[in-house]
Amino acid sequence: KRVVVLISGRGSNMRALIEAARDPAYPAEIVGVISNRASAAGLEFAARAGIATRVITKSDYPDSTAQDAALERALAEFGAELICLAGYMRLLTESFVSRWSGRMINIHPSLLPLFKGLHPHQQALDAGVRLHGCSVHFVTFAMDSGPIIAQAALPVLTGDDEDRLSARTLAAEHKLYPHALRLLAEGKVRMVGDRAVFRVAET
Ligand code: GRF
């Protein structure tokens, strides 16, 4: 499957996907990376890895609809079949989201449905939970709310602050995202209505 990754910044999850996809046996190929910020550090890594990159930024378009139309054109040029959001810090329009329904996934660093939105690690620390983690889910219009494909959990340790907890969670994200994309690319999970439906392994 041809996959385009959307980023806004560091791009460490993008990098994990690119590295996983280097294995010829991996069922997805990262064919392009698009950022809404020209300064995103991830763009440099992608370019060095020989992957085509684009910057589609708000200031070049009159509104979100026009920006998403440009995104759609770039995706068509890449021949994208699936989209991975990886730290893409912008809300997509409802019509874009519905066009890619079931074919677009996101990673969020919390055990959803807990702690959606910004600062999920601090939200977890403030709530006093002893388990935290990350989730990959299908993208629906409501932020961080689509059907869950895969999750990884990790303990909150005494002395954790936002930085320490986010660093340990990020390491788990880098394993989880390639795993979740594999499930989707192999057709082992699909979105049906508001549920993720898994294909039962044949025995
Ligand atoms: C990650 O924690 C991701 O889960 C969240 O934003 C962060 C992006 O980091 N959505 P990176 O750009 O992948 O390094």
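What follows is calculated from the coordinates using simple rules that are stated; it is not laboratory data. What you see is a predicted model, and the numbers here were worked out from it, not measured in a lab. Cβ atoms come from the backbone with ideal geometry, glycine included; neighbour counts cover every protein chain shown.
Before moving on, here are some points about what is shown:
- Expected 222 nm ellipticity per residue - DSSP helices of 4 or more, -39500 (n - 2.57), all of the chain, to 500: -11000 deg cm²/dmol
- One chain, two ends: Q122 and A52. Fully extended at 0.36 nm per residue, the span grows by 21.7 nm beyond their Cα-Cα distance.
- Backbone amide hydrogens, once placed in the peptide plane, bring M89 within less than 5 Å of S8, excluding anything fewer than 5 places away on its chain.
- The value of relative contact order for the range 107-203, using C-alpha pairs under 8 Å at least six residues apart, is 26 percent.
- Amide H partners (placed H, <5 Å) of G133, local residues excluded: L111, L154
- Phi-based couplings in Hz for the range 115-124 (Karplus 6.51, -1.76, 1.60; Gly and Pro marked x): 6, 6, x, 7, 6, x, 5, 5, 4, 5
- On the beta carbon distance between E44 and V200, with R0 = 35 Å, the FRET formula returns roughly 0.25.
- Centroid-to-centroid separation of the range 58-113 and the range 20-47 [C-alpha atoms, Å]: 15 Å
- Where labels lie 7 Å past Cα in the beta-carbon direction, separation of R10 and S95 in nm: 3.6 nm
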